[in-house]
Amino acid sequence: MRTVLRPLIAVAALVALAVPSLAGAASTAAVPIRHLPASGATIRWTVMVRNANTCHWSSSPEVEGFDGTVKCKPGRVVRPATFQANTSTGTKDYTLNLVMRGTTRTVVHLKVVEAGMPAPTTTTTTTTTATTTTTLPPASSPGLTSNNWSGYVLTGGSGGYQAISANWTVPTLDCASVPNGYTADWVGVNGFTGSPGLFQDGTMSGCVSGQQSGYAWWTDEAETYFAPSLFAVAPGDVIDAELWQETSGYWDYYIKDLTSGLVSSAAEPFSGPGTSAEWIAEDPGCPNGDSDCWNNNGELSDFPDFGSVTFTDLGLTTPSGSWTVPPYSDACEMVTTDGSVEVLPSPIQGSGASIAFTVTYEPPGEVSSTAGTAAVKHTQSTFVAPAPRMVPKHQAGQIGSRSIPGPKPELPRIR
């Protein structure tokens with residue numbers, strides 16, 4: 001179309017008197033502390049403002065772009081702060097300050113502790129003539145970041161990918177917090193590489209005026225990404241989505257709601273190879289130009305909190321046979337423009353019909369995508385390789401289906 005949680009710093013109860021320093025504040029209320037990795041990160045400091053009309057932000061030592069005085073109104077105020085990498089081996093302490101002036105003067109603080117770099121690892125080799133010491137480079141496990149995809153993206157399959165499938169449960173969206181917005185879950189080929197013949201099928205879930213609805217769909221490049229609504233789906237429905245290439249070269253779609261029994265299939269007369277394979281949760285934007293999912297400023301409304309979606313019973317085939325379990329470096333996390341993780345995938349685990357991974361919605365500002373920080377939740381990898389927006393927005397259509405393909409094959413599962 002997002003376990004160790006980092007709490008969002010929110011100061012809701014403010015002291016309506018002058019607090020001249022961090023030491024003074026500590027005597028009346030505990031100063032919250034945010035811990036960062038040595039690689040640095042962008043955080044959002046959230047403060048509730050009351051009885052104030054100006055907010056003076058400052059930092060010590062100075063954090064570039066943070067300090068300044070602005071007009072502010074009562075309510076929730078968020079101030080981002082970007083911390084550069086700490087190249088020393090010792091920790092580095094910062095203090096962020098906010099002075100609110102109005103009918104009273106109130107001061108609040110946030111302490112930020114940035115970890116130091118680990119001491120270099122060395123190996124020593126002793127010979128009869130000399131001793132050699134070598135500094136080892138830091139470990140690296142690159143992953144992908146995208147502003148609209150999260151899941152797994154595979155490339156390089158021997159001879160191309162010929163079939164992909166998965167099951168998942170339609171999520172329940174938080175439509176109270178985001179009354180208008182969409183999320184999509186799907187399987188596909190050629191979405192990442194940009195090769196001709198993009199094929200995808202899956203489900204769309206949306207909040208429209210605070211009410212959730214959803215439908216099954218399929219789309220491809222030949223149809224200019226027009227995604228017809230095939231049948232309605234509801235939160236909690238279990239979905240089986242598959243697509244595969246026939247011996248004729250044509251690609252077939254198959255999607256079934258295992259809960260309701262509704263099913264649809266179609267064939268597309270395109271004989272190109274599958275050069276990439278994807279299991280994805282996506283921020284699809286506004287399907288069909290739906291004006292309800294745009295806010296008053298003409299910008300795309302917030303992506304709704306869908307909790308988590310687990311893709312299971314993963315199927316994938318190539319001409320050379322079944323595929324092995326992909327490493328975590330093939331995962332893709334969804335990030336916002338400020339580098340905050342929006343949807344974070346887990347490693348792929350299990351075997352056979354139980355093989356699965358989960359994508360989880362992350363509240364804004366709680367996890368940074370800076371290398372080493374997202375690994376707080378999944379230590380197998382850090383995400384350091386940015387990727388562009390993957391595919392155009394899906395366009396919703398009317399209920400309907402196309403020609404029926406041949407018998408649905410049994411797709412080998414990843415082992």
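The values are calculated or read from the model by the stated rules, or taken from the named source; none is laboratory data. Fair warning: this is a prediction, and the values are worked out from it, not measured in the lab. So basically every Cβ, Gly included, is an ideal-geometry build from the backbone, and we count neighbours across all protein chains shown.
Computed quantities for the displayed model
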{"item": "Pairs, first assigned by TED's automatic domain parsing to the domain that holds Trp186 in segment 164-176, second surrounded by fewer than 20 Cβ atoms within 10 Å (Cβ to Cβ) and of a type in the set (S, T, N, Q), C-beta under 6 Å, six or more apart", "result": "Asn167/Thr312; Leu173/Gln212; Cys175/Gln212"}
{"item": "Condition met for Asp93 (under 30 Å from Met334 (Cα atoms), more than 27 Å from the chain's Cα centre (by Cα), surrounded by 14 or more Cβ atoms within 10 Å (Cβ to Cβ) and modelled with pLDDT of 80 or more)", "result": "no"}
{"item": "Those residues of segment 259-283 which are polar (S, T, N, Q) and not in a strand (DSSP E or B), in sequence order", "result": "Thr259, Ser260, Ser271, Thr275"}
{"item": "Identity of the residue in segment 41-76, among the small types (Gly, Ala, Ser) and surrounded by fewer than 18 Cβ atoms within 10 Å (Cβ to Cβ), that ends up modelled with the lowest pLDDT", "result": "Gly75"}
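Residues checked against (1) among the hydroxyl-bearing types (Ser, Thr, Tyr); (2) modelled with pLDDT of 80 or more; (3) more than 19 Å from the chain's Cα centre (by Cα):
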residue	(1), (2), (3)
Thr128	yes, no, yes
Leu144	no, no, no
Tyr152	yes, yes, no
Pro179	no, yes, yes
Ala184	no, yes, no
Thr193	yes, no, yes
Asp201	no, yes, yes
Gly214	no, yes, yes
